[in-house]
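Just below is one structure, and these are the notes that go with it.
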Amino acid sequence: MCGIAGIINFGKETIEGSLIQKMTDSMAHRGPDADSYYIEGGIALGHRRLSIIDLSSAANQPFTDASGRYVIVFNGEIYNYAEVKALVADYPFHTTSDTEALIAAYAKWGSDCLRHLKGMFAFAIWDKQKQELFIARDRLGVKPLYYFLNDQYLLFASEIRAILATNKVSREIDADALADYFRFQSFCFPDSPVKNVLQLEAGSWAVIRRGKMERSTYWNVAARPVDFDFSDRTLVQKRVRELLLQSVSRRLVSDVPVGAFLSGGIDSSAIVGLMAEAGSSKPNTFNISFGEKEYDESVYAKMIAGRFDTNHTTILLQPEMFLEELPNALGAMDSPSGDGVNTYVVSKAIRQNGMTVALSGVGGDELFAGYPFFMQYLQLQKLSWLWKAPSVLRKLAAGAAFTVNKGGRTGRIGQLLQMQGYSIDQAYPVFRQILSPRLLRELTTLGDGGSHGQLEVQLAAKKEDMGRLPLLSQVSAAEYLGYTQQTLLKDTDQMGMAASLEIREPFFDHDLLEFVLAIPDSIKKPEFPKSLLVRSLAPMLPDEIVFRKKQGFLFPWNIWLRNELRSFCDGMINNMAQRPFINGKNLLAYWKRFLKEDPNIRWSEIWLFAVLEYWLEKNQIS
């Protein structure tokens with residue numbers, strides 16, 4: 001796990017070392033163990049290292065292959081690097097690093113090396129002979145890669161702040177991307193918050209030569225056929241278990257101790273149980289506990305820790321401690337997000353307890369139909385007759401739904417009834433929105449977001465592929481393209497790395513994902529919370545964990561924004577009201593209504609504006 005950066009000057013003027021150094025210095029948190037760069041004429045590559053595999057200095061980057069032709073900077077982990085090394089046995093390895101396995105694979109296969117890789121990664125390889133740069137991202141987009149390209153320069157990095165550090169990019173907000181942020185709490189591919197700074201697509205690669213970029217995708221979440229007989233439920237569950245164990249085993253590859261987040265819920269308990277089965281030593285588990293017994297789940301975490309004989313640490317976190325860390329968490333955001341603050345606080349606590357790598361249970365809900373809208377989507381399909389009814393009838397039904405509740409579940413149904421259909425590409429954005437189209441029009445000058453936002457574009461492009469999946473898997477695929485990729489994985493990376501902690505997510509293993517997406521709804525439909533997952537692992541998880549009422553510590557944001565965080569939010573909201581893309585009077589009135597405890601206004605809506613303003617000011621974005 002590291003931070004990578006690079007510059008190509010197409011005029012071939014030699015790049016000053018201070019420029020690439022500024023880029024790597026801005027990401028020091030991503031790699032506190034080593035810092036170096038490579039410069040040759042108009043190409044510069046920089047690297048910050050967090051040592052995980054082969055801790056020796058011989059594995060430091062930028063790394064040159066044995067022939068001297070290729071130079072690589074690499075962020076992430078290749079979990080199956082030992083298998084890859086065996087496939088390129090003629091290469092003269094002189095380290096035990098996954099970095100050298102990766103560059104040897106590229107030297108042998110070029111872009112085809114990607115199909116051999118199991119891991120999370122973003123990397124760049126400079127070919128001295130061809131004078132071209134190859135960049136790539138892992139299938140699921142766990143590791144980020146941003147870039148800026150014009151006729152003079154290519155700049156790329158693991159973080160936006162590294163590109164900004166060059167001062168070669170205008171610090172201007174991408175106004176066209178703002179609607180997606182307000183609707184879905186993060187900036188959607190290919191956009192970023194900064195104009196002309198883009199995200200490389202997950203599951204894709206690109207070659208840059210003579211100032212031109214050629215792109216190609218090598219993986220599609222919705223178009224991976226699986227050759228398996230799904231008629232036998234027992235065999236399906238057996239295969240799910242095998243793939244889960246394989247995924248966890250892959251993510252235990254490390255030359256430093258590996259820990260795990262343990263909340264005491266189904267997902268994290270499953271990961272810990274599989275760690276105990278796959279590992280050669282006792283798992284290191286960490287639970288964040290709270291003094292308020294009403295919310296505290298540490299008793300369940302201790303139950304799992306005892307069941308699997310882990311080295312367990314309970315970290316007491318008071319709400320006041322969380323508030324104290326809030327400025328650091330906001331400062332750690334490389335890209336503004338309405339989510340993710342919790343991950344920063346937990347990651348920092350685990351890092352301070354000696355861990356460099358930790359496994360997380362994120363992704364279980366997305367893969368095993370753990371969210372309410374999975375079942376809501378099934379119910380929606382039963383209302384298909386409504387879309388065949390006269391438009392007048394649909395408008396009446398929509399009006400009634402909006403009248404009942406403009407912002408809640410019935411309000412979403414009203415939105416759906418006003419649309420032309422009920423397929424996943426149309427339904428999913430409505431299920432996942434934070435600001436509704438009506439509210440977006442009221443509080444901003446951005447319109448209602450329409451049907452041409454980046455998420456809608458991505459879903460429409462894969463509509464045909466998703467339509468061949470079972471209904472519940474259609475939601476999972478949309479989740480991957482939406483919240484998972486754009487918010488969850490992005491926040492996990494930026495907040496974990498802000499604390500110099502590598503977080504690995506076994507539920508986001510592409511082999512596991514492809515298989516589970518092919519499972520029929522009749523097997524996956526949850527009879528109780530994530531029943532397919534639980535039954536596949538039975539009798540691993542005790543009933544006390546599976547059937548307990550889900551608690552989950554909910555930080556009292558509603559109270560904080562009106563009290564402890566009122567001054568902060570008031571300043572941010574007032575400043576935001578001056579922005580040209582905001583309806584200032586309406587936003588200030590909305591804030592006042594929130595302070596007066598209007599039940600129709602959610603704290604998450606207010607928080608989006610406060611976080612964005614903080615990020616714009618901190619990064620001096622106009």
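Okay, here's what the table says:
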item	result
Helix-only CD estimate at 222 nm, as mean residue ellipticity for the chain, using -39500 (n - 2.57) per DSSP H run (n ≥ 4)	-12000 deg cm²/dmol
Magnitude of the charge dipole, the chain, Cβ model with Lys/Arg +1 and Asp/Glu -1, debye to 20	1520 debye
Residues whose placed amide H lies under 5 Å from that of residue 504, excluding near-sequence neighbours	358, 359, 360
Ordering of 126-132, 180-186, 40-46, 272-278 by burial proxy (mean other Cβ atoms within 10 Å per residue, highest first)	180-186, 272-278, 40-46, 126-132
Relative contact order %, the chain, counting alpha carbon pairs below 8 Å whose residues are six or more apart	15 percent
Nonlocal amide H pairs with residue 316, under 5 Å, H built at 1.01 Å	289
Label point at residue 566 placed 7 Å out along Cα→Cβ; residues across the range 603-619 whose backbone nitrogen lies under 18 Å	603-604, 606-607, 610
Nonlocal amide H pairs with residue 174, under 5 Å, H built at 1.01 Å	194, 195
Theoretical FRET efficiency, 1/(1+(r/R0)^6), r = Cβ-Cβ of residue 232 and residue 379, R0 25 Å, to 0.05	0.30
Label-point separation in nm, residue 152 to residue 16, each point 7 Å along Cα→Cβ	1.4 nm
The range 535-622: trypsin sites (Lys or Arg not before Pro) in DSSP loop, at most 12 other beta carbons within 10 Å	549, 550, 596
Cross-link partners of residue 130 among aspartates and glutamates (Cα-Cα below 16 Å; sequence separation of 8 or more within a chain)	40, 65, 214
Evaluated at q = 0.09, 0.15, 0.17, 0.18 Å⁻¹: base-10 log I(q)/I(0), Debye formula over Cα of the range 2-217	-0.33, -0.93, -1.20, -1.35
For the range 232-258 versus the range 175-225, the gap between their alpha-carbon centres in whole angstrom	30 Å
Reach of residue 388 by Cα under 21 Å, taken over lysines that are not fewer than 8 positions away in the same chain	463
Whole-Hz couplings from phi, Karplus 6.51/-1.76/1.60, listed for the range 270-278; x for Gly and Pro	5, 4, 5, x, 6, 4, 5, 6, 8
Net length gained if the chain between residue 544 and residue 559 were fully extended (0.36 nm per residue, minus Cα distance)	2.2 nm
Chain lengthening between residue 82 and residue 525 when straightened (0.36 nm per residue, less Cα-Cα)	155.7 nm
Cβ-Cβ FRET estimate between residue 168 and residue 353, R0 fixed at 41 Å, reported to 0.05	0.55
Distance from the range 29-46 to the range 432-449 (C-alpha centre basis), Å	42 Å
Where labels lie 7 Å past Cα in the beta-carbon direction, separation of residue 25 and residue 111 in nm	3.7 nm
Mean Cα-pair separation over length for the range 1-80, i.e. relative contact order, pairs under 8 Å, 6 or more apart, %	34 percent
Theoretical gain in end-to-end length, residue 317 to residue 129 [0.36 nm per residue, Cα-Cα removed]	62.2 nm
Per-residue HN-Hα couplings for the range 219-231 [Karplus 6.51, -1.76, 1.60; θ = phi - 60°; Hz; x = Gly/Pro]	8, 10, 4, 9, 10, 10, x, 10, 8, 7, 8, 8, 6
The range 568-622: chymotrypsin sites (Phe, Trp or Tyr not before Pro) falling in loop per DSSP and having at most 11 other Cβ within 10 Å	none
Distance between modelled label sites at residue 209 and residue 419, nm, 7 Å Cα→Cβ extension	4.2 nm
Per-residue ³J(HN,Hα) for the range 118-132, Karplus 6.51 cos²θ - 1.76 cosθ + 1.60, θ = phi - 60°, Hz, x for Gly and Pro	10, x, 10, 6, 9, 8, 9, 10, 8, 9, 5, 5, 8, 6, 9
Which listed pairs, of 302/549; 238/530; 490/585; 462/530, have C-alpha distances above 24 Å, in listed order	490/585; 462/530
Charge dipole magnitude, Cβ of K and R +1, D and E -1 - the range 477-539, Cα centre, debye nearest 20	240 debye
Sparsely packed chymotrypsin sites (Phe, Trp or Tyr not before Pro) within the range 228-322, loop by DSSP, other Cβ within 10 Å at most 13	228
For the range 557-618, Kirkwood radius (reciprocal of mean inverse C-alpha pair distance, Å)	11.5 Å
Descending Cα extents along the principal axes, the chain, whole Å	71, 57, 51
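Read-outs throughout are calculated quantities, based only on the coordinates presented, and are distinct from any laboratory measurement. Please read all numbers here as calculations on a predicted model, not as lab measurements. Reconstructed Cβ throughout: ideal geometry from the backbone, glycine too, with neighbour counts over all protein chains shown.
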